[in-house]
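So the structure is just underneath, and the comments pick up after that.
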Amino acid sequence: MNNLPRTSGLRLEQERKLSMAKIDDVARLAGVSKGTVSNVFSQKRPTSKKVTERVLKASKELNYVPNHIARSLVTKKTMAIGLTIPHGNFFFSAFHNQFINGVVLEASRYGYRVLLDMLPVLEVKTPSLTSYPIDGAIVLGPTEEDERIRLLHMNGMPFVTVGKILNGQVKEAPTVNNDNIQIVHDICDYLIARGHVNLMFLNATEGMTVSVERKAAFIEALAKHRIAVRDAMHHYKPRIQSEQYLRYGYAETIRVLRESEEKVTAIIADDDRAAFNAMNAIQDLGLRIPEDISLFVICVDLSMMHQTVPPLTGMDLQPSELGAQSVKLLMHKLGSIEGDYPNHIIIASKIVEGASVLQRLNH
């Protein structure tokens, strides 16, 4: 009886050691590389049946479990990253869906899960991401003096923003972005070259860094062509969750087309929803696209643009690539990618022509 406690204690110690087995131990026992062990479990690359059986046998003997909990115990990491998205309704745009897909797929390549945190458009009343079990965060759609960025920075949490940072206390942080200034210049040049000088702009939400950059670029682009910007020609998406938010673009288009002293010939819409609402307004006024009004969409859904009548002309912002590159930049900050890496990444964009922009005959 005196030996029982000692035997039980030894067994517990052995089990404890086995439960902490590492991939190196499995590789050594199976006589393969760590990469081969990883491939067996991830199935990213084919492995022979014989090698697979050796790896699985060694894993079973060592009680090795390649899950997030086991990895966390060894690496001291949660193997999770946060993705925070400010949102004003329950529907994601095509841009959001493609961006999230890019983030999730790229994160999975590094063995990371993604915690999606949707926040009200103006408020951060939910617990800060810094209180969640994550190793780092991606911030989509930053605003001026963004509270999310302030909290992440203050708590020393590694993060990457998708969009320019306009926080006074955060002087330098990694970013992934489109060149929003160049995008608006390209759109205005494209429309003006086709004879459109009275342009209406349905911009993103006021206070977002993307809308700040876009408005400045809109004024610059028109000034370059010696065209004055009238206040009635520029609009911001509503900031609250309401029918007005969901119908953004309809009332603005109706009002401007009815009341403007100079005939608007082209509308630039922030996203597909604003474009569809503008299209409905144009049709309700008895006008046609593009014969009477041309329409250009910034965040166009490439899968949907040819399903409208007429097919939409828009800008491909490569949202999936934005998501993938934001993960890679964060992985570099977390040490999963070694070597030199840029702190600011710009994703290329290009105009994709449909049939919603008309070449005016008087140009």
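The values are calculated or read from the model by the stated rules, or taken from the named source; none is laboratory data. If you're wondering where the values come from, they're calculated on a predicted model, not measured in any experiment. Heads up, the Cβs are rebuilt from the backbone with ideal geometry, glycines too, and the neighbour counts pull from every protein chain shown. Calculation scope for accessible area: heavy atoms of the full protein, side chains included, ligands and nucleic acids excluded. Shrake-Rupley method; radii C 1.70, N 1.55, O 1.52, S 1.80 Å.
Of the residues making up the stretch 177-187, not a single one is assigned to a helix (DSSP H, G or I) and farther than 30 Å from residue 102 by Cα. Restricted to helices (runs of 4 or more DSSP H) entirely inside the stretch 197-298, those with at least 2 residues that are closer than 20 Å to residue 92 by Cβ, free of Cβ contacts under 8 Å to residues at least 60 places away in the same chain and out of contact with any strand residue (DSSP E or B) (no Cβ under 7 Å at 6 or more places or on another chain) are 243-246, 272-284. Candidates in the stretch 317-353 are the residues that are in contact with a Ser or Thr (Cβ under 8 Å, 6 or more places away or on another chain) and surrounded by fewer than 19 Cβ atoms within 10 Å (Cβ to Cβ); of these, the one that is nearest to residue 187 (Cα to Cα) is 351. Taking the stretch 175-209 as the range and being closer than 27 Å to residue 159 by Cβ and either of a type in the set (Gly, Ala, Ser) or at pLDDT below 95 (or both) as the test, the residues that pass are 204, 205, 206, 207, 208, 209.
May I ask you to verify whether residue 168 is among the small types (Gly, Ala, Ser) and without any contact (Cβ under 8 Å) to a residue 40 or more places away in the chain? Show your work before the answer.
On the way: among the small types (Gly, Ala, Ser): yes; without any contact (Cβ under 8 Å) to a residue 40 or more places away in the chain: yes.
So residue 168 fits the description; yes.
In the stretch 48-77, which residue that is in a loop (DSSP other than H, G, I, E, B) and surrounded by fewer than 19 Cβ atoms within 10 Å (Cβ to Cβ) is modelled with the lowest pLDDT?
Of the stretch 48-77, the ones in a loop (DSSP other than H, G, I, E, B) are 48, 63-67, 76-77.
This time we only want the ones that are surrounded by fewer than 19 Cβ atoms within 10 Å (Cβ to Cβ), so: 48, 63, 65-67, 76.
Values: 48: 84, 63: 75, 65: 62, 66: 60, 67: 55, 76: 65.
Out of the qualifying residues, it is 67.
If you filter the stretch 15-31 down to residues that are open to solvent by less than 60 Å² (accessible area, probe 1.4 Å) and touching a Ser or Thr at 6+ places or on another chain (Cβ under 9 Å), you find that the one that is modelled with the lowest pLDDT is 21.
Quick grid of which residues meet (1) among the charged types (D, E, K, R); (2) crowded, with 22+ Cβ neighbours inside 10 Å; (3) closer than 30 Å to residue 134 by Cβ:
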| residue | (1), (2), (3) |
| --- | --- |
| 155 | no, no, yes |
| 161 | no, yes, yes |
| 186 | yes, no, no |
| 191 | no, yes, no |
| 214 | yes, yes, no |
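crowded, with 21+ Cβ neighbours inside 10 Å, within 17 Å of residue 249 (Cβ to Cβ) and of a type outside the set (A, V, I, L, M, F, W, C), is that true of residue 356? When the stated conditions are applied, residue 356 passes them.
Would you mind stating whether residue 183 is closer than 28 Å to residue 113 by Cβ and under 18 Å from the mean Cα position of the chain (by Cα)?
Values: closer than 28 Å to residue 113 by Cβ: no; under 18 Å from the mean Cα position of the chain (by Cα): yes.
In short, no.
Every listed requirement among (1) modelled with pLDDT of 85 or more; (2) in contact with a Ser or Thr (Cβ under 7 Å, 6 or more places away or on another chain) is met by residue 153 save one, (2).
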